[in-house]
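The values are calculated or read from the model by the stated rules, or taken from the named source; none is laboratory data. Please read these numbers as outputs of a predicted model, since none were measured by experiment. With ideal geometry, Cβ positions are generated from the backbone for all residues, glycine too; neighbour counts draw on all protein chains shown. These accessible areas exclude ligands, DNA and RNA; they are computed on the full protein's heavy atoms, side chains included. Shrake-Rupley method; radii C 1.70, N 1.55, O 1.52, S 1.80 Å.
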Amino acid sequence: MAEQHAPEFRYTAALAAEIEARWQDRWDAEHTFEAPNPAGPLADVERLAGRPKLFLLDMFPYPSGAGLHVGHPLGYIGTDVFGRFRRMKGYNVLHSIGYDAFGLPAEQYAIETGTHPRVRTEQNIATMRGQLRRLGLAHDQRRSISTADESYYKWTQWIFSQIFNSWYDSEQQRARPIAELIEAFRSGNCSLADGRTWSALSRVEQREVVDAHRLAYIAEAPVNWCPGLGTVLANEEVTSEGRSDRGNYPVFRRSMRQWMLRITAYADRLIDDLDTLDWPDSIKMMQRNWIGRSEGAQIEFPSPAGPIAVFTTRPDTLFGATFMVLAPEHPLVDALTADEWPDDTFPLRTGGHATPAAAVSAYRTQANAKTEIARQVDDRDKTGVFVGTFASNPATATPIPVFVADYVLMGYGTGAIMAVPGQDERDWEFAERYDLPIVRTVQPPDDWDGKAFIGEGTAINSGFLDGLGVDDAKDRIIEWLETNGHGHGAIRYRLRDWLFSRQRYWGEPFPIVYDETGMPIALPDSMLPVTLPDLDDFRPRTLDPNDGDSEPELPLGRVDWWTSVELDLGEGPKRYQRELNVMPQWAGSCWYELRYLDPTNENRFVDPAVERYWMGPQRPGDSGGVDLYVGGVEHAVLHLLYSRFWHKVLFDLGHVSSSEPYHRLFNQGYILEAAFKDEREVYVDAASVRQEPDGTFTAYGLPVTREFGKMGKSLKNAVAPDEIYAEYGADTLRLYEMAMGPFDVSRPWSTRDIVGMYRFLQRLWRNLVDEETGALRVVDTPTDPETHRHLHRTIAGVTADYEALHFNTAIAKIIELNNHLTKLAAADGVLPREVAEPLVLMLAPLTPHVAEELWARLGHPSTLTYERFPEADPALLVDAEIELPVQLSGKVRAHIRVAADADDATIEKAALAAVASHLTTATVKRVIVVPNRLVNVVV
RNA sequence: GCCCGAGUGGCGUAACUGGCAAACGCGGUGGUCUCAAAAUCCAUUGCCUCACGGCGUGCGGGUUCGAAUCCCGCCUCGGGCACCA
């Protein structure tokens, strides 16, 4: 390389590497980035005094063995720059990083490599620590955690026990300890739904009643069974194509007994409290949509098999309900199925079967055969069969036929609908197909040529509702339903309870055992953690990904010595069976930010005083929480919803003072990289692609197409940071990643462009250090006024940019100043200290190693981490004389120089003089003077 | 289909609440230095035109003294949701 003849003291990759290693060692040795707590083992009250706090958080990584690529650390660098800036602004900054070590990715990586997940995970964490250290991130290493450490998951289990041992009081709108519910039952303050008295119940019956109220409960429920992964998945982990988020295997809808967490109890608060958060609107919107609150009414339709309950958001259209539809799985279907077809039943409605029972049975078989995906996406034809029975419309007292159809889903509402073809497009389609009556109950506009009218309008054909608008009609009908006992106003959510158990090995064991009654018992805190047993055969049984009827197998069930245990839970030593499921991927990440605060506490998951200091509300009405949380959008509804839920339970039970975990959320963009597909639509290794003279791309002589995607293994386009370190050093990489574009926007990686940032650092270094001798070129001479003003403008701009996370424009301003100084240094041979020192300090958050080195060469013995960030002198931000453009009807024709404080009349006179030559024929209609901006002469 | 977000030079991008479009970087061109090359430094670089000048922020309209920025109608790309009653 050309570097071999470079001057000895030039800022080269080799020098950068030496500087970087030296400063990283020194920061470690001096514990530079350790943030003091107000209490506990990490306390240092003196260092805390008088400093505002900043709790900075990155979405922590799972320790993959594939190693980092340059796309990974973008967010970490951004938070590091911000944290370093705020330290220099006097803040006590908590910034660390841990590892999300349990769960599918770690386990699957272990399976691929044939190494035990614990061994694999620990190796990977060590590797990642090393890779991240090379970037010079200012993390407090004492606070780093791994979710798979016993000392950590002990508290994950403890929090689960807290959730298990609580119930949701819907009157007070908060979770309360389960003991308070038991006491309320015992004292008679709370009566049982069926009217029995508490003391009349057997112990088992009492436990059943209590268990039905817990926030963590076991239920037979429709679940997403993924045989390809050998486990069930939460709704949030299933893609809209009906496949697993991880691994992209088919997912089957099945009924199974599983652990559930009652997140639905928090639906309203999870929606309402979004208003207290400083989050991107798009993420708030996604959470609101996911929770999917709908307001409407529950209405009961009398039928021979008893009342059929439906949920509707349009109770105002009740008079137009001309038939009903039940999901094939609806429990009332069998009872409603008639023995024979009523007279005059259309052949179309019977599906060609001799009896309703045969028709329903055939239809169910057909519906079952379709996977959930087919029911939702592929086949939107409205099919169904008549069950041979009529229900009654409570408003009109008219008999209406009951159908079974798979366009009604058991999983939403009551699994049954009142069909109002006049005001619902799906019902219209169904009514047309099966020749059912259509009654409009909302007057469409005159020019309406559509079918179902779902818009706003006046009620018609609706008895006492006629003439009312939609909203008034809704209020009126709900009143009527409630008065006449046909139903009531109701709210429904799309959100389901969180399916919380997984049939895997590599996860947190539940702190639960079962006694001889088969009912779950939470282990006392003193018995935590329940350690995950070491298992040689940790692999899930391989199942056919396409066989939805297969049964899950529990890896923990293979450990005979572990599955059954003798314990004294207050009744003397007895045998108990352990829970064999493990917790899902998301459990550990639901509370990790809290553990950073107090990582070594053995008595509590976090000391309340420490939590209050870092996360407590800053003012009345504030939710509190992490000050800035940076991560990708992909966790918009998974992690971010689960985490809020757990945090709110902890808040309700008085364990934390903040009602939300993350006060401000920022989604950094991704680093995109060109990816190439061949004609079979298969990705080819980007390194093998060449660009042809005509601009097209080929790989091994065959044409390929280019697209831009998130950098990573799946697109075969990852760039390793090590290559960049070797060529330019870590500071240049940091600078380049921050300079490429706005922090929240995704942008394509371009190795070619990095050299620009490298040249800038070299130029800056050369301005301060003689490349041949290594001598300092900085002297204590006064700065010329122009440079001095330029410096202060830069300080003001850079400060504002850092504060707003606009790192790219901060860099542009620093480069601009340095370009000016390059001219100065070329002319004078030296640079004034008065400008050199602030320049180095401003650069320090971005490129801390080279900044530390220059700071030391400038004669400062200690780290610049806690130096005050330069302050701009407001007096220097305004020039005495300014240049203003003069427009003639909006086009710039001249420039004038005027005193900054000149009045409008003076400016106007100067402007008219400047454009006089253009004004020979025209007359001036108006002159607009915009202070400090421009002058527009209108002709 | 519905709901968000975004379209600016050859490329990445900048322009605070409407006020000189293109700061900063890459790339290109010419020069300096050198036996030569690299590095460095200097100049230049939106498009059309020899020039005067004109045209330029996805497209078409509008508001305004003035629009990348505001309004209306489209187009394209990215993301989310998707038979949710």
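Annotations
- Cα centroid separation, region A:247-314 to region A:89-114: 31 Å.
- When region A:280-323 is described by a simple charge dipole with +1 on each Lys and Arg Cβ and -1 on each Asp and Glu Cβ, the residue from A:Ala321, A:Ile283, A:Gly306 located farthest towards its positive end is A:Ile283.
- Whole-angstrom gap from region A:45-66 to region A:345-362, using each part's C-alpha centre: 65 Å
- Relative contact order computed over chain A (Cα-Cα under 8 Å; 6+ residues apart), in percent: 14 percent
- With every protein chain in place, region A:792-939: carbon and sulfur % of accessible area (1.4 Å): 54 percent
- Take the Cα of A:Ala212, step 7 Å toward its Cβ, do the same at A:Asp28, and the gap between the two points is 5.9 nm.
- Cα long-axis angle, helix A:848-857 against chain A (0 to 90 degrees, to the nearest 10): 20 degrees
- The calculated FRET efficiency for the pair A:Asp339 and A:Ala362, based on their C-beta separation and a Förster distance of 22 Å, comes to about 0.85.
- Pairwise centroid distance, computed over Cα atoms, of region A:451-499 with region A:171-202, Å: 34 Å
- Mean accessible surface per residue for region A:5-88, computed with a 1.4 Å probe while every protein chain stays in place, in Å²: 36 Å²
- The magnitude of the dipole of chain A, with charges of +1 and -1 set on the Cβ of Lys/Arg and Asp/Glu and taken from the Cα centre, is near 1200 debye.
- Potential lengthening of the chain between A:Phe346 and A:Asp780 amounts to 146.2 nm, from the contour at 0.36 nm per residue minus the alpha-carbon distance.
- Around the amide H of A:Ile896, modelled in the peptide plane, lie the amide H atoms of A:Leu884, A:Val886, all under 5 Å away and 5 or more residues distant in sequence or on another chain.
- Förster radius 41 Å - calculated FRET efficiency between A:Thr313 and A:Tyr683 (Cβ-Cβ, nearest 0.05): 0.40
- Relative contact order of region A:515-637: 13 percent, from C-alpha pairs under 8 Å at least 6 residues apart in sequence.
- Chain A: angle of helix A:833-843 to the longest principal axis, Cα-based, in degrees nearest 10: 20 degrees
- Basic side chains Lys and Arg get +1 at the Cβ, acidic Asp and Glu get -1 at the Cβ, and with that the dipole of region A:560-601 about its Cα centre reaches some 80 debye.
- Compared with the dominant principal axis of the Cα atoms in chain A, helix A:730-739 is inclined by about 70°.
- With each label modelled as a point 7 angstrom along the Cα→C-beta vector, the A:Arg893-A:Val745 pair spans 3.6 nm.
- Placing unit charges on the Cβ atoms only, positive for Lys and Arg and negative for Asp and Glu, gives region A:132-231 a dipole magnitude near 560 debye about its Cα centre.
- Contour minus Cα-Cα distance for A:Asp828 and A:Asp381 (0.36 nm per residue): 152.8 nm
- Charge dipole of region A:751-859 about the Cα centre (unit charges at C-beta), most positive-ward option of A:Ala775, A:Leu846, A:Ile811: A:Ile811
- The phi torsions of region A:399-405, fed into the Karplus equation with coefficients 6.51, -1.76 and 1.60 and a -60° offset, translate into couplings of x, 10, x, 10, 10, 10, 8 Hz, rounded to whole numbers, with Gly and Pro shown as x.
- Among the protein heavy atoms of region A:180-296, carbon and sulfur supply 47% of the accessible surface, probe 1.4 Å, non-protein parts ignored.
- Using a probe radius of 1.4 angstrom, the carbon and sulfur fraction of the accessible surface of region A:426-502 is 46%.
- Ranking A:Trp506, A:Leu532, A:Ser564 by Cα position along the charge dipole of region A:476-625, where only Lys, Arg, Asp and Glu carry charges on their C-beta atoms, puts A:Trp506 farthest toward the positive end.
- Accessible area ranking (1.4 Å probe, heavy atoms, ligands and nucleic acids excluded), largest first, for A:Lys677, A:Lys710, A:Lys891: A:Lys891, A:Lys710, A:Lys677.
- Amide H within-cut-off set for A:Ile400, under 5 Å, with H built and near neighbours excluded: A:Ala391, A:Ser392, A:Asn393
- Sorting A:347-355, A:629-637 by average packing, meaning the other beta carbons within 10 Å per residue, from highest down gives A:629-637, A:347-355.
- When shorter helices are ignored and each DSSP H run of at least 4 residues is given -39500 (n - 2.57), the per-residue value for chain A at 222 nm works out to -9500 deg cm²/dmol.
- With the simple model of a label 7 Å out from the Cα in the direction of the Cβ, A:Leu876 to A:Glu205 spans 8.4 nm.
- Compactness of region A:192-292 is given as radius of gyration and Dmax, 18.4, 54 Å, from Cα positions.
- Checking the cross-link pairs A:Lys382/A:Lys451; A:Lys284/A:Lys677; A:Lys284/A:Lys710; A:Lys474/A:Lys648; A:Lys154/A:Lys648 against a 26 Å limit on the alpha carbon distance flags A:Lys284/A:Lys677; A:Lys474/A:Lys648 as lying beyond it.
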